[in-house]
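Each value in this text was obtained by applying a stated rule to the coordinates, not by laboratory testing. On a predicted model such as this, the values are computed, not experimentally measured, just so you know. Cβ coordinates were reconstructed from backbone atoms using ideal geometry, including for glycine residues, and neighbour counts include every protein chain displayed.
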C-alpha cells in the first residue's frame, strides 16, 4: 500500500513539526550548504544522476525534511518495483493506493478490500461472509490513540513546496514507467493499483 508523495511528506512533516522540529534546523543548513551533492546517498540508485544534474528538481526544496521524505518515497517505490521484477511473489501481490482503500465511497472501498483479499487467497468470491468481517474494521479509527490521530495540525508544506514535490515525482516518472502522474489535481499512482481511476500520464 502506498500514498501520494505530497500527502506522505505533509503527514510526516507536520508530525515532526508538532514534536519540536522548527526551522531552520541543522539539517536544513547542511542541505542548503552542501547541496544535493552532499546527500546523494539518500537518492534511489537509478535516479542519482537525474537528481544531481537537476533533471529531477529535488534541489529546489529548501528544507531538508521535505527533500528527505520525498526521496524516501521514491526509494520505496523503486525498491518495490525492483522486487516485483525479481521475485514472482511480488508480481501477484495486490497494489493498493490508500485513497481508494480508505475512500468515503463505500462501494469503491468494499470493492478494493474484496479484490485485495481475493488476491491474497483469503476470500473465495464476492459473497464470502468474511468480507463483512474485514470491512467492519473501518468502523474504528486505527490511529485514534496515536500521534498520527491527534487533532489536526498546522499545514506543513507551503503551496510552493507542494508544487515542487509534485514536480519531482512527475520528472522521476519519466524514468519510472510504472509510476503515473497527473498534472491537474495532483495524483501519483502505480500501474495496476486496485480500484484506482484511470489517469493520463503527464509529459
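Protection proxy ranking for 63-75, 170-182, 111-123, using the average of other Cβ atoms within 10 Å per residue and placing the highest first: 63-75, 170-182, 111-123. Counted residue by residue at 0.36 nm each, then reduced by the alpha carbon distance between them, the extension gain from residue 136 to residue 183 reaches 13.4 nm. Please determine, in degrees from 0 to 90 and to the nearest 10, the orientation of helix 64-86 with respect to the longest principal axis defined by the Cα atoms of the chain, where the helix direction is its Cα long axis. Once rounded, the angle reads 50 degrees. Rounded to the nearest 10 degrees, the inclination of helix 159-173 to the longest alpha-carbon principal axis of the chain is 70 degrees. Estimate the FRET efficiency between residue 191 and residue 11 by the formula 1/(1 + (r/R0)^6), using the beta-carbon distance for r and 25 Å for R0, to the nearest 0.05. Result of the calculation: an efficiency of 0.55.
Against the globular-protein guess of 2.2 N^0.38 Å, express the Cα radius of gyration of the range 20-68 as a ratio, rounded to two decimals.
Normalised Rg, Cα atoms only: 1.12.
If neighbour count is taken as other Cβ atoms inside 10 Å, put 166, 87 in order from fewest to most.
Fewest to most other Cβ atoms nearby, the residues stand as 87, 166.
Taking every C-alpha pair closer than 8 Å and separated by at least 6 residues, the mean separation divided by the residue count of the range 1-115 gives a relative contact order of 31 percent. The equivalent ellipsoid that matches the C-alpha gyration tensor of the chain spans semi-axes of 32, 22, 14 angstrom, in descending order. From least to most packed, judged by other beta carbons within 10 angstrom and beginning with the fewest, 58, 95 follow the order 95, 58. Per-residue ellipticity at 222 nm from helix content only, as computed over the chain with -39500 (n - 2.57) for each DSSP H run of at least four residues, stands at -14000 deg cm²/dmol.
Length gained on full extension, residue 102 to residue 25, computed as 0.36 nm times the residue gap minus the Cα-Cα distance: 24.3 nm. Explain nothing, just the number: relative contact order of the range 5-190, from Cα pairs under 8 Å at least 6 residues apart, as a whole percent. Reported as a whole number, the value is 29 percent. Averaging the sequence gap over all C-alpha pairs within less than 8 Å and six or more residues apart, then dividing by the number of residues, gives the range 80-133 a relative contact order of 24 percent.
Once both labels are positioned 7 Å from their Cα atoms along Cα-to-Cβ, the gap between residue 76 and residue 124 label points is 3.6 nm.
Net length available on complete extension from residue 33 to residue 89 is 15.8 nm, with 0.36 nm assigned per residue and the Cα-Cα distance removed.
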